[in-house]
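Heads up: the structure comes next, in C-alpha cells.
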Amino acid sequence: MKLEARGLGKCINKNNWLFQHVDLTLHSGKIIGLQGPSGCGKSSLCRLIAGMEAPTQGSVLLDGRPLQKRGYQPIQFVFQHPERAVNPRWRVRSIVSEGWMPDDELLESLHIDRSWLDRWPSELSGGQLQRICIARALCPQTKFLIADEMTTMLDAITQASIWKTVLDIASERHMGLLVVSHDRHLLNRICNQVIDFHSISHTSVS
Ligand SMILES: Nc1ncnc2c1ncn2[C@@H]1O[C@H](COP(=O)(O)OP(=O)(O)OP(=O)(O)O)[C@@H](O)[C@H]1O
Ligand SMILES: [Mg+2]
C-alpha cells in the first residue's frame, strides 16, 4: 500500500501559511523519520496525513484514493500529547477497546499493567497514557502508523523496549511508519530514510 501527501498546505489564519507544497510518500513496510525544529509544523502535517484535519491545499491519498472518514481506519496516529488524544470521561479499558482488545502478551510487552484498564485517564501518568495510546493504535487493521513524539515521556530503557515491540509488529504486518522525533539517534537507528521538514515544505510564517 502507499500513503501519499500531495501538495499539502496548511493556512493557520488569513494568508499565513504554516507550510505549503508538501509532498511525502510512505510505503508499506518502510519507516520514514521526520525531523525539524520545534514549531515548524510537524504535528500539523501529521494531523493532515492521518486524516484528522482537512488540508487547506492538496490531498492525502491511500493507494490513489482519498481517505475514508468512516469505518475501517488504516491510518492510526499516536499523538505527541496523549491526554489530548483520549476522552477523559471514558475508562482506559473503553479507550483501548474502541478498536480492539490487545492480549496480555502485547500489554506486557508495552509495559502496561492490566489494573490500569479500570482507571480514568487522569489516574495515569503521561508516559503510562502514552503506552495506552500506542496499544490502541496497534489494532490489526492498522496499515500506517503516524508516531508523533510517541515515546518522549518514557525513560530510555522503557522507550527502547516499546520501540522494539512496535517495530516487531510493524515488520510482521508490513506496516508503514512515519516517525516524528527530535531524537536523531532514534531516527537514525530505526528509519529507512530521515527527512528534514524544511526540505519538503515552503513556509511563510515562523
Ligand atoms: N490552529 C492553529 N492556529 C494557530 N497556530 C497554530 C495552530 N496550530 C498550530 N499552530 C502553530 O503552528 C506551528 C506549528 O505547530 P506544530 O505543533 O505543528 O509544530 P511541531 O513542529 O510539531 O513542533 P514541536 O516539535 O514543538 O512538537 C506553531 O507555531 C503553532 O503555534
Ligand atoms: Mg509536534
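What follows draws every value from the coordinates through simple rules; no lab data is involved. All of these numbers come straight from a predicted model, not from anything done at the bench. Here the Cβ is made from the backbone with ideal geometry for all residues, glycine too, and neighbour counts use every protein chain on show.
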Roughly speaking, what is the stretch gain from GLN68 to SER115, that is 0.36 nm per residue apart minus the C-alpha to C-alpha distance, in nm to one decimal?
13.4 nm
Apply the Karplus curve 6.51 cos²θ - 1.76 cosθ + 1.60, θ = phi - 60°, to the phi angles in segment 17-32 and return the couplings in whole Hz, x for Gly and Pro.
8, 6, 7, 9, 6, 8, 10, 8, 10, 10, 9, 3, x, 10, 10, 10
Taking placed amide H atoms and a strict 5 Å upper bound, the residues 5 or more places from HIS21 or on another chain that come that close are LEU8, GLY9
Tally Lys and Arg at +1 and Asp and Glu at -1 over the other residues with C-beta under 13 Å from the C-beta of GLY41: what net charge comes out?
0
In a Gaussian network model of the chain with springs linking alpha carbons closer than 10 Å, the residue among PRO37, PRO55, PRO74 that fluctuates most is PRO37
Are there chymotrypsin sites (Phe, Trp or Tyr not before Pro) in segment 1-81 that DSSP marks as loop and that have at most 13 other Cβ atoms within 10 Å, and which are they?
TYR72
Would you please give the residues with an amide H less than 5 Å from that of LYS143, counting only those at least 5 places away or on a separate chain, with H modeled from the backbone geometry?
ILE75, GLN76
The chain, relative contact order [Cα under 8 Å, separation at least 6], %
33
Estimated FRET transfer efficiency when R0 is 25 angstrom, pair ASP103-GLU53 (beta carbons, to 0.05)
0.15
Determine the shape class of the chain: with a ≥ b ≥ c the square roots of the Cα gyration tensor eigenvalues, call it rounded for a/c under 1.5, and otherwise prolate if a/b is greater than b/c, oblate otherwise.
prolate
Place a point 7 Å from the Cα of LYS164 along the Cα-to-Cβ direction; which residues of segment 128-156 have their backbone N under 20 Å from it?
128, 131-132, 134-135, 138, 150-156
Show the residues, 5+ positions off or on another chain, whose built amide H is closer than 5 Å to the amide H of ILE31.
LEU177, ASN192, GLN193
Table column - 3J(HN,Hα) (Hz), segment 73-80, Karplus curve with 6.51, -1.76, 1.60, x for Gly and Pro:
10, x, 10, 10, 10, 9, 6, 5
Least to most buried among ARG84, ARG93, by other C-beta atoms within 10 Å and fewest first, runs ARG84, ARG93
Can you tell me the relative contact order of segment 128-182? Whole percent, Cα pairs under 8 Å, sequence separation 6 or more.
49
Which residues in segment 25-61 have a backbone N closer than 14 Å to a point placed 7 Å from the Cα of CYS11 along the Cα-to-Cβ line?
55-58
Just tell me which lysines come within less than 26 Å, Cα to Cα, of LYS164; anything on the same chain fewer than 8 places away is out.
LYS2, LYS30, LYS42, LYS143
Name the GluC sites (Glu not before Pro) in segment 70-149 that are in a loop by DSSP and that have at most 15 other C-beta atoms within 10 Å, would you?
GLU98
Separation of alpha-carbon centers, segment 100-142 and segment 1-42, rounded to whole Å
28
Förster radius 22 Å - calculated FRET efficiency between HIS198 and THR152, Cβ distance, rounded to 0.05
0.55
